[in-house]
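Scroll down for the structure; my scribbles are underneath it.
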């Protein structure tokens, strides 16, 4: 059957996703190290994208994804689902309150460095852009096999910078000199 | 750490040129937002082939009826939209979340940034959600949205459309799209619709009027099936 093609979400999806600015993936029951990622989305003129939709998918603290195809998953995880989404705020910013993910098995049997999978939608985007957030304080990031697919001079666009304890900065640049790497997957 | 072999069945990649390119100059907002660097091809891992399937939250029994979310009923032509969510191999996508949002019958969105000179309807917010059933089937009751002007170019009007958000079985099947109505005279002029180069692919986005879905004396019926990425025949990994 022919795939249904993608279209833009347009400017008015807040009707569906009312929450602006902050997404929370954790509850009191969630095990793991609490972290906050302060993010932004900017366009090719360096201007904020105040009408962007950012979606996050990640493993739990043990590196297990909440899904029947994860071999370590024992059924729905009530303590941590792993999905969050938010509408960027008027300054093009977003905040992710979550836990540091554990290591998910990767290609060639090698564990992947901790990462968040990211989807970006918006007015002016006809398809979703897919990227990842890695962490600069994880020693395994440098040898991650997926990150190794990225040209060396662009890898830093996928690595969140640690600030105060437990907080990181990650900027999504849709176009221009510091353009974020987006994936074909 | 022990080396865990992850044997996964990847999702088939869409054919090149099937989805619209993000660099579509006729749709003016793409100018500053489309990436200019080539996408980096990566293999699929557990991170990508898993995805949200459990954590949708509580979905109320009337969440799929956009005509019964306020004190009164909205103005406009009541319609039923029904269809199946399938993958390319016609496997039904069961218990997956489908969400819609749209303008009201006058072509006005219940959103502060929509300043189009058309009336708001206090009985219409314009968003709904539903889980597909065991056959991948979904159903919404709503009113037919109006076309609306959007300043992309001189005298630009979006054809009447309903936005669809679909999850499917993994992060990779996630799809945002728009459903259009058969015979809408605005479609040939719309740069968003026409950003899709294949006519067959564009036709996928046009609902079918379905007399069988029509409820006599109550609502017209439209059928709209949604086809998501399917699986490859052979697993990766060793």
Would you compute, from DSSP H runs of 4+ residues alone, the mean residue ellipticity of the protein assembly as shown at 222 nm, taking -39500 (n - 2.57) per run and dividing by the full residue count, rounded to the nearest 500?
-500 deg cm²/dmol
I'd like the mean, over residues of B:79-85, of how many other protein chain beta carbons sit within 10 Å of each residue's own Cβ.
0
Using the reciprocal of the averaged 1/r over all distinct C-alpha pairs, how large is the Kirkwood radius of chain A in Å?
17.1
Please report, to one decimal in angstroms, the Kirkwood hydrodynamic radius of chain B built from all distinct Cα-Cα pairs.
19.7
Residue B:218-residue B:233 pseudo-label distance in nm [points 7 Å out on the Cα-to-Cβ vector]
4.6
Cα-only radius of gyration and Dmax that characterise the range B:84-134, units Å
15.7, 45
Could you compute the FRET efficiency for residue A:137 and residue A:178, with r as their C-beta to C-beta distance and R0 at 22 Å, rounded to 0.05?
0.55
Compute the length gained on full extension between residue B:36 and residue B:184: take 0.36 nm times their separation in residues and subtract their Cα-Cα distance, giving the result in nm to one decimal.
49.9 nm
Residue order, fewest to most beta carbons within 10 Å, for B:67, B:234:
B:234, B:67
Residues in the range B:211-225 that a label on residue B:135 would reach, taking backbone N under 18 Å of a point 7 Å out along Cα→Cβ
B:211-215, B:221-225
Pairwise Cα inverse-distance average, inverted: Kirkwood Rh of the protein assembly as shown (Å)
22.1
Please say if the range A:141-181 is rounded, prolate or oblate, where rounded means a/c under 1.5 for a ≥ b ≥ c the square roots of the C-alpha gyration tensor eigenvalues, and otherwise the choice is prolate for a/b larger than b/c and oblate otherwise?
oblate
Identify the residues of the range B:39-77 with backbone N under 19 Å of a label point that sits 7 angstrom from the Cα of residue A:29 along the Cα-to-Cβ direction, or state none.
B:52-59
With a/c under 1.5 counting as rounded, go ahead and sort the range A:90-174 into rounded, prolate or oblate using the C-alpha gyration tensor (a ≥ b ≥ c being the square roots of the eigenvalues; past the cut-off, prolate if a/b is larger than b/c, else oblate).
oblate
Rounded to the nearest 5, the percent of DSSP beta bridges in the protein assembly as shown running antiparallel is 70
Using a 10 Å cut-off on Cβ to Cβ distances, tally the other chain neighbours for every residue of B:11-20 and report the average as a whole number.
3
Sort B:150, A:57 so that the residue with the fewest other Cβ atoms within 10 Å of its own Cβ comes first and the one with the most comes last.
B:150, A:57
Zone of residue A:171's modelled label, taken as backbone nitrogen in the range A:8-51 under 11 Å from a point 7 Å along Cα→Cβ:
A:40-43, A:46-48
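Values in this text are rule-based calculations from the coordinates and carry no lab data. Bear in mind the structure is a predicted one, so any value in this text is a computation, not a measurement. Cβ sites come from the backbone with ideal geometry, for glycine too, and all protein chains shown count toward neighbours.
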